[in-house]
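Notes follow the structure.
The values are calculated or read from the model by the stated rules, or taken from the named source; none is laboratory data. From a predicted model like this one, the values you see are computed outputs, not experimental measurements. Note that we place each Cβ from the backbone using ideal geometry, even for glycine, and neighbour counts take in every protein chain shown. To get the accessible areas, we keep the full protein, side chains included, count just its heavy atoms, and leave off ligands, DNA and RNA. Shrake-Rupley method; radii C 1.70, N 1.55, O 1.52, S 1.80 Å.
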Amino acid sequence: MKALNDAHYNEYEAKPDIVVKAPGRFHLIGEHSWFFKDKTLSMAVNLPVYVAISKRKDTSLKFYFHQLNERKKASVQLLKFKKEDRWANAVKAVIYGFNTSGYELSGMNITIYSEILPSAGFGITTAIKCAVALAVKELFGFECNENQLLMILEKANRRFLQINNYIADNYAALFAKQGTLIITDHNKTTWDYVPYNFEDKKIFLIDAKVPRITVWDEETLFEPQNALLLGDLRERRNNVYGGWQYISNVTDINEELSVVSEDIRRKLLCIMREHNDVIEAREGLEKTDFFKFARAVNHSHESMRDMYEISCPEIDWILKRVGELEPNLEMITNQVSCGRITGKGFGRCLYAIIRESDVEKFKAKLVEFEKIFQYHTECYEVTPSEGACVVRD
């Protein structure tokens with residue numbers, strides 16, 4: 001906190017009027033299912049982004065990212081997307097969201113402070129937007145409820161940045177509770193909490209630093225006719241979380257999906273499997289049954305690798321080592337670890353949840369990975385964190 005205050009004062013010769021922090025985030029299962037109105041299981045983590053703001057007497061906007069030592073500027077009345085502004089576009093987008101929602105703002109000095117850069121993934125850009133949104137709301141005393149704040153973020157994404165508005169990202173950054181995971185129901189546009197009580201486990205986020213190479217265009221799957229096909233394969237089930245599940249009758253599934261190519265069929269089947277994995281993972285969390293939870297996570301990665309085709313040999317190598325942390329695989333009945341590729345696009349990141357006693361062995365495997373593949377990983381031990389909040393002195 002002192003480092004942030006000092007950075008802001010040294011840059012602007014003014015103390016912050018408000019400081020907000022928002023968590024990093026990763027999705028455990030279901031981040032590719034939003035278009036089909038399914039569910040996403042996410043974890044906000046203790047990789048915080050801090051935003052400090054002080055008011056100005058004019059309408060100028062000054063932006064400063066401390067770790068990048070970069071400065072950008074704009075004005076409240078003139079907000080333009082500039083490709084070269086990168087991270088600053090996220091800040092401008094949120095201010096645009098307030099402007100177009102009828103709120104009157106004055107100029108601001110804004111400092112971004114994050115040890116993890118946006119390029120790493122892990123929800124850092126979303127954290128910047130959510131921290132700025134909450135900071136502006138509190139700084140100007142706006143009457144702005146949760147739904148209105150979410151609408152501001154949607155305008156920021158869709159209108160200013162011209163990108164999709166992923167509500168699972170926003171929910172995790174804004175509303176997460178410490179010690180819990182958060183489930184987004186894209187059909188109802190709601191979120192729910194699930195306790196995370198595996199105290200003997202450690203959670204690691206790994207940036208494998210593998211170049212992001214798109215092997216197929218995911219947008220080709222997001223067609224209305226594909227959503228209608230999956231909608232026809234749902235059945236109401238009152239005893240299932242969310243009130244529905246995909247049918248299991250293979251004949252009916254094959255008949256429904258016979259109108260699409262084999263490649264699209266395989267990927268739609270993967271979306272169906274993802275929904276079931278979210279439900280099973282949630283049940284494992286609710287019952288503190290790590291085997292059930294881990295089985296769903298590992299099964300999801302297999303689907304991402306074999307059916308959705310977004311993994312790569314390097315990430316698969318690390319996750320195979322995660323599965324080998326228990327040497328007597330044929331003897332055990334419960335899985336002691338799990339892991340999966342994570343990220344909405346064709347990312348280079350993964351997560352692993354392992355026993356405390358296996359941490360050193362796991363880190364040794366990452367060293368071996370670097371020697372074999374010549375990519376120098378970044379590994380972060382994380383815990384479930386709370387959502388965006390004002391930081392008090």
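From the residues in segment 207-227 that are in a loop (DSSP other than H, G, I, E, B) and touching an Asp or Glu at 6+ places or on another chain (Cβ under 8 Å), which one is most open to solvent (accessible area, probe 1.4 Å)?
Narrowing segment 207-227 to residues in a loop (DSSP other than H, G, I, E, B): 208-217, 222-223.
Now drop any that are not touching an Asp or Glu at 6+ places or on another chain (Cβ under 8 Å), which leaves 208-210, 215-216.
On the way: ALA208: 0, LYS209: 72, VAL210: 12, VAL215: 104, TRP216: 37 Å².
So the residue we want is VAL215.
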Within segment 1-40, can you find the residues that are part of a loop (DSSP other than H, G, I, E, B) and either surrounded by fewer than 18 Cβ atoms within 10 Å (Cβ to Cβ) or free of Cβ contacts under 8 Å to residues at least 40 places away in the same chain (or both)?
MET1, GLU13, ALA14, LYS15, ASP17, LYS37
What pairs come up if the first residue lies in segment 281-302 and is more than 13 Å from SER337 (Cα to Cα), the second is of a type in the set (Phe, Trp, Tyr) and surrounded by 21 or more Cβ atoms within 10 Å (Cβ to Cβ), and their beta carbons are under 9 Å apart, counting only those six or more places apart or on different chains?
ALA281/PHE293; ARG282/PHE293; GLU283/PHE293; GLY284/PHE290; GLY284/PHE293; LEU285/PHE293; LYS287/PHE293
Would you kindly identify the helices (runs of 4 or more DSSP H) lying entirely within segment 86-184 that contain at least 2 residues that are touching a residue at least 60 places away in the same chain (Cβ under 8 Å) and within 14 Å of the chain's Cα centre (by Cα)?
124-140, 167-175
Inside segment 122-147, can you point out the residues that are touching a Cys at 6+ places or on another chain (Cβ under 8 Å) and under 20 Å from GLY345 (Cβ atoms)?
PHE122
Pairs with Cβ under 9 Å, 6+ apart, first in segment 377-393 and closer than 21 Å to GLY179 by Cα, second of a type in the set (Ser, Thr, Tyr)
VAL382/TYR351; THR383/TYR196; PRO384/THR180; PRO384/TYR196; GLY387/TYR171; VAL391/TYR50
The lone exception for GLY343 - which of (1) surrounded by 18 or more Cβ atoms within 10 Å (Cβ to Cβ); (2) closer than 29 Å to ASP200 by Cβ; (3) in contact with a Pro (Cβ under 8 Å, 6 or more places away or on another chain) it fails:
(3)
Out of all the residues in segment 174-206, which are in contact with a strand residue (DSSP E or B) (Cβ under 8 Å, 6 or more places away or on another chain), hydroxyl-bearing (Ser, Thr, Tyr) and either over 25 Å from ASP38 (Cα atoms) or open to solvent by 10 Å² or more (accessible area, probe 1.4 Å) (or both)?
THR180, THR190, TYR193, TYR196
Selection status of ASN145, within 29 Å of SER33 (Cβ to Cβ), polar (S, T, N, Q), open to solvent by 10 Å² or more (accessible area, probe 1.4 Å) and at pLDDT 95 or above
yes
Looking at (1) open to solvent by 60 Å² or more (accessible area, probe 1.4 Å); (2) in a loop (DSSP other than H, G, I, E, B); (3) touching a Lys or Arg at 6+ places or on another chain (Cβ under 8 Å), which is the one condition that is false for LEU79?
(1)
Quickly run through segment 129-185 and pick out the residues that are among the charged types (D, E, K, R) and on the phi > 0 side of the Ramachandran plot.
none
In segment 264-280, which residue that is in contact (Cβ under 8 Å) with a residue 24 or more places away in the chain, out of contact with any strand residue (DSSP E or B) (no Cβ under 9 Å at 6 or more places or on another chain) and of a type in the set (D, E, K, R) is most open to solvent (accessible area, probe 1.4 Å)?
ARG266
All-but-one check, ALA74 against (1) in contact (Cβ under 8 Å) with a residue 24 or more places away in the chain; (2) part of a strand (DSSP E or B); (3) of a type outside the set (Lys, Arg), failing number (1)
For THR251: the one exception among (1) closer than 29 Å to ASP316 by Cβ; (2) without any contact (Cβ under 8 Å) to a residue 40 or more places away in the chain
(1)
Could you tell me whether any residue of segment 304-313 is of a type in the set (Lys, Arg), more than 26 Å from THR190 (Cα to Cα), in contact with a helix residue (DSSP H, G or I) (Cβ under 9 Å, 6 or more places away or on another chain) and open to solvent by 50 Å² or more (accessible area, probe 1.4 Å)?
yes
